[in-house]
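Colleague: Quick one: the structure is below, questions incoming.
The values are calculated or read from the model by the stated rules, or taken from the named source; none is laboratory data. Just so you know, these numbers come straight off a predicted model, no measurement behind them. So basically every Cβ, Gly included, is an ideal-geometry build from the backbone, and we count neighbours across all protein chains shown.
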Amino acid sequence: MNNINFFYKSKNLLPILFLLITTFMVSCSKDSDSNEPGDIEIEFDNIAIVNGVERQLTLATSGSTDYSYTNGKGQDFNINLLRYYITNIKLTGPNGEVFEDHIHVDAAGTEGIYLIDEANPASSSVILKSVPAGNYNKITFTVGVEENGVKEGAAGGNLDPATSKMFWNWNSGYIALKFEGQSPVSAGGTSGTETLGGVTKGIAYHIGGWKDVTGTAFVYNNKTLSFDFDTNAKVKKGQQPTVHMVFDVLKLFTGKNTIDFTGNNNVHKPVDGKPAAENIPTAFAFDHIHQ
Amino acid sequence: MKEKIVLLLAIATILISCGKDDVPIETSLYKLVRPDYFPQIIYPIENNPISKEGFELGKKLFNDPRLSLDNSVACSNCHVKGVAFTDPQHNPSVGIFNQSGTRNAPMIANMAFQSEFLWDGGVSHLDFVSVFAIENKKEMGETLPNVVYKLNNIPEYGPLFKSVFPKIDSITSPYLLQAISQYLLLLVSDQAKYDRVQRGKDNFTAKELAGKRIFEQKCASCHSGALFTNYKYMNNGLDSVFKDVGRELISAEASDLGKFKVPSLRNIMLTAPYMHDGRFKSIDDVLNHYQHGVKYSSTLASELSGTKQLGIPLTNEEIDDLKLFLETLTDYEFISKPIF
């Protein structure tokens, strides 16, 4: 009440009022500047959690009998190759923010299809561009390439079968996740990209199967996973947060199913890959955000 | 005077229509045209528009044995044009190092209208069919990366690929596969007598008509439509114990054991040997199988597991008429077309 009277009575305060309003307007327009879309990085770190300690993976050269890891059955192994596809990335936020990564596939290249390859450190970083400004606290993605990637036909870029070596010719489609290594308990005879027939103790798990046809027994092994963040990733122009996701390769062999390296260790069919595929959801986890 | 004007007009009309027709005739040779009684085109043609240069490059690749490991086996070794792109010589076909395959080389025709390929339907896109043959250890035994490497080192191929796909800097696998598909897509067989009758330009003889009626009664529930297949996977009673599991390999479903894709019957009289493993040398062997040879197993097609007797009852006269009708599916223009 008093304030209103004060303004009414003090006409010489009008210039100040004008200044206040102008300042308010300017700061508003500054705000809208920072509401422009920005970039966000999703980092996929391949790790092994051994006795509760998170360790970065080391790849062994093909043929090496230096075994750094142990599976849930107490069987030692090493890793020669680890490669997987991440597609259909979607981010959502607490205030209705939604970003869906665009997918495009043709002979010239691909968009929205990411091939994470442990042998290529740069591939672990996925940078999503032109993400609407806002807070994001949840990520959804698919491990594997869905029908929308296969039905377009021959594709280049990350899907080029000659360079990715992630393609099945006999049951055409892309392998979702490829693991190759060696274990002293393996009887050998496996075949793969690195772990060839000559490698006596090879283990090869090529996990794929994209045909998801209702009413049939086709083994569909792609996994669509969602993870909540413990804090918001704030996206706006000039500020690029990094979301760190981890993939614990040891959990590929434990979890829903315990994989035995003395059993079927030469996996090249959807049906054979199902047990390890069912472990994929718990092998991935959200780790932290760098704002 | 009036007559002269009429004459001039007539000449002008002819000239105009000639001029109009010239261009379409040349380009229509390289255009995928769907006869109106065919199923829809399934291949996403907008991803890989066909050109004369693309078709010719695909044809060159199809006939080039350098796509195989020991430079001995081209696609055309086992898919011979004169017999509707099947293999009349070998049973089954022979790949690198004189290895025999396990399945009979299927006809290549009307590929644009199909959604799944090979005897078990494992390949879901035409572009990927050639990867299968190139990488199959018993067929061409190569790897796709190595074929790409070889092609980049054969001087004649670079400019050819560049003329079809101007934006590329080097040959990569998708362009190799697209070029082969451009060739395969245009291998449309739609000029058999059956097709002329469909277009109202010919008539069946009385015997052919009789054969057609028998076909419709006894064969067309599986060999249906203008391509004479229902595109399904079925067990036609060849075996009761299966050396080759067929569709089960792809679907991992026990009820698919011993099932194979129902083949198109177009050009059937040219495409011996028959069945997925090429076990029958003649059409008489095939018809004899359906008459007397069908074996029971749990996945046998219900069409062949009649209550009184397995198979399809046929009289000798019916068989003669049936063969006359099947002969009308032979497309002589298809197997002799110069551009193929």
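Colleague: For residues that are more than 28 Å from the chain's Cα centre (by Cα) and of a type in the set (D, E, K, R), tally how many sit in region B:296-336.
Modeller: Residues that pass the stated criteria total 2.
Colleague: Within region A:227-246, is there a residue that is small (Gly, Ala, Ser), touching a strand residue (DSSP E or B) at 6+ places or on another chain (Cβ under 7 Å) and within 26 Å of A:Pro275 (Cα to Cα)? Spell out how you get there, then give the answer.
Modeller: First pass over region A:227-246, keeping only residues small (Gly, Ala, Ser): A:233, A:238.
So of that shortlist, the ones also touching a strand residue (DSSP E or B) at 6+ places or on another chain (Cβ under 7 Å) come out as A:233, A:238.
Right, trim to within 26 Å of A:Pro275 (Cα to Cα) and you get none.
No, the conditions are met nowhere in region A:227-246.
Colleague: Can you confirm whether region B:319-335 contains a residue that is touching a residue at least 12 places away in the same chain (Cβ under 8 Å), of a type outside the set (Ser, Thr, Tyr) and within 25 Å of B:Gly101 (Cβ to Cβ)?
Modeller: Yes, region B:319-335 has at least one match.
Colleague: Which of the residues that make up region A:150-162 are within 7 Å of chain B (Cβ to nearest Cβ), within 22 Å of the chain's Cα centre (by Cα), surrounded by fewer than 23 Cβ atoms within 10 Å (Cβ to Cβ) and in a helix (DSSP H, G or I)?
Modeller: A:Val150, the sole residue that qualifies.
Colleague: A follow-up question, please. Are any residues in region B:293-316 within 22 Å of B:Phe228 (Cβ to Cβ) and in a helix (DSSP H, G or I), and if so, which ones?
Modeller: Of everything in region B:293-316, those that are within 22 Å of B:Phe228 (Cβ to Cβ) and in a helix (DSSP H, G or I) turn out to be B:Gly293, B:Ser302, B:Glu303, B:Leu304.
Colleague: Moving to a separate point now. Just to be sure I understand, how many residues within region A:173-194 are of a type in the set (A, V, I, L, M, F, W, C) and in a loop (DSSP other than H, G, I, E, B)?
Modeller: Pass one, region A:173-194, residues of a type in the set (A, V, I, L, M, F, W, C): A:175-177, A:179, A:185, A:187.
So of that shortlist, the ones also in a loop (DSSP other than H, G, I, E, B) come out as A:185, A:187.
Of the residues in that region, 2 qualify.
Colleague: Just give me the residues in region A:83-118 being under 16 Å from the mean Cα position of the chain (by Cα) and farther than 27 Å from B:Leu177 by Cα, in sequence order.
Modeller: Hits for region A:83-118 are A:Ile89, A:Lys90, A:Leu91, A:Thr92, A:Phe99, A:Glu100, A:Asp101, A:Glu118.
Colleague: What pairs come up if the first residue lies in region A:172-183 and is outside the structural domain of A:Ala60 (by TED's automatic domain parsing), the second is in a strand (DSSP E or B), and their beta carbons are under 7 Å apart, counting only those six or more places apart or on different chains?
Modeller: none
Colleague: Looking only at residues in region B:206-251 that are on the phi > 0 side of the Ramachandran plot and surrounded by fewer than 20 Cβ atoms within 10 Å (Cβ to Cβ), which one is nearest to the other protein chains (Cβ to nearest Cβ)?
Modeller: B:Tyr231
Colleague: Related question: Of the conditions (1) in a strand (DSSP E or B); (2) closer than 20 Å to A:Thr87 by Cα; (3) out of contact with any Lys or Arg (no Cβ under 7 Å at 6 or more places or on another chain), A:Gly273 satisfies every one except a single condition; which number is it?
Modeller: (1) is the only condition that A:Gly273 fails.
Colleague: Quick check on region B:278-292: of everything there that is assigned to a helix (DSSP H, G or I) and of a type outside the set (S, T, N, Q), which residue is nearest to B:Leu304 (Cα to Cα)? Steps first, answer last, please.
Modeller: Of the residues in region B:278-292, the ones assigned to a helix (DSSP H, G or I) are B:283-292.
Filter once more, so that each one left must be of a type outside the set (S, T, N, Q): B:283-287, B:289-290, B:292.
Working: B:Ile283: 18, B:Asp284: 18, B:Asp285: 17, B:Val286: 14, B:Leu287: 13, B:His289: 11, B:Tyr290: 8, B:His292: 11 Å.
Across region B:278-292, the extreme among qualifying residues is B:Tyr290.
Colleague: Quick one: which of A:Val246, A:Val213, A:Val219 is at pLDDT 95 or above and farther than 30 Å from B:Tyr149 by Cβ? Show your work before the answer.
Modeller: Details: A:Val213 fails: at pLDDT 95 or above; A:Val219 fails: at pLDDT 95 or above.
From the options A:Val246, A:Val213, A:Val219, the qualifying one is A:Val246.
Colleague: Turning to a different aspect of this structure: Might you let me know whether region A:136-146 holds any residue that is outside any loop (DSSP other than H, G, I, E, B), closer than 25 Å to A:Thr231 by Cα, away from chain B (no Cβ under 11 Å) and free of Cβ contacts under 8 Å to residues at least 60 places away in the same chain? Write out each step before concluding.
Modeller: Going residue by residue through region A:136-146, those that are outside any loop (DSSP other than H, G, I, E, B) are A:136-143.
Cutting the leftovers down to closer than 25 Å to A:Thr231 by Cα gives us A:136-143.
Of the ones still in play, those that are also away from chain B (no Cβ under 11 Å) are A:136-143.
Then keep just the ones that are free of Cβ contacts under 8 Å to residues at least 60 places away in the same chain; that gives none.
No, that holds for no residue.
Colleague: Cβ contacts < 9 Å: first residue within 11 Å of chain B (Cβ to nearest Cβ), restricted to region A:269-281; second residue assigned to a helix (DSSP H, G or I), any location; separation 6+ or different chain. Result?
Modeller: Matching pairs, first to second residue: A:Lys269/B:Leu249; A:Pro270/A:Ala277; A:Pro270/B:Ile250.
Colleague: I'd like to check something: does region B:232-249 contain any residue that is hydroxyl-bearing (Ser, Thr, Tyr), in contact (Cβ under 8 Å) with a residue 40 or more places away in the chain, not assigned by TED's automatic domain parsing to the domain that holds B:Ala84 and not in a helix (DSSP H, G or I)? Lay out the reasoning, then the answer.
Modeller: Just the residues of region B:232-249 that are hydroxyl-bearing (Ser, Thr, Tyr), to begin with: B:233, B:240.
Going one step further and asking which of them are in contact (Cβ under 8 Å) with a residue 40 or more places away in the chain, we end up with B:233, B:240.
Still in the running and not assigned by TED's automatic domain parsing to the domain that holds B:Ala84: B:233, B:240.
The next check asks that each one be not in a helix (DSSP H, G or I); those that pass are B:233, B:240.
The answer is yes, given that some residue of region B:232-249 is hydroxyl-bearing (Ser, Thr, Tyr), in contact (Cβ under 8 Å) with a residue 40 or more places away in the chain, not assigned by TED's automatic domain parsing to the domain that holds B:Ala84 and not in a helix (DSSP H, G or I).
Colleague: Next question. Do the conditions hold for B:Asn288, that is, is it surrounded by fewer than 16 Cβ atoms within 10 Å (Cβ to Cβ), farther than 16 Å from B:Leu326 by Cβ, more than 14 Å from every other protein chain (Cβ to nearest Cβ) and of a type outside the set (Lys, Arg)? Before the answer, list the steps.
Modeller: Details: surrounded by fewer than 16 Cβ atoms within 10 Å (Cβ to Cβ): yes; farther than 16 Å from B:Leu326 by Cβ: no; more than 14 Å from every other protein chain (Cβ to nearest Cβ): yes; of a type outside the set (Lys, Arg): yes.
In short, no.
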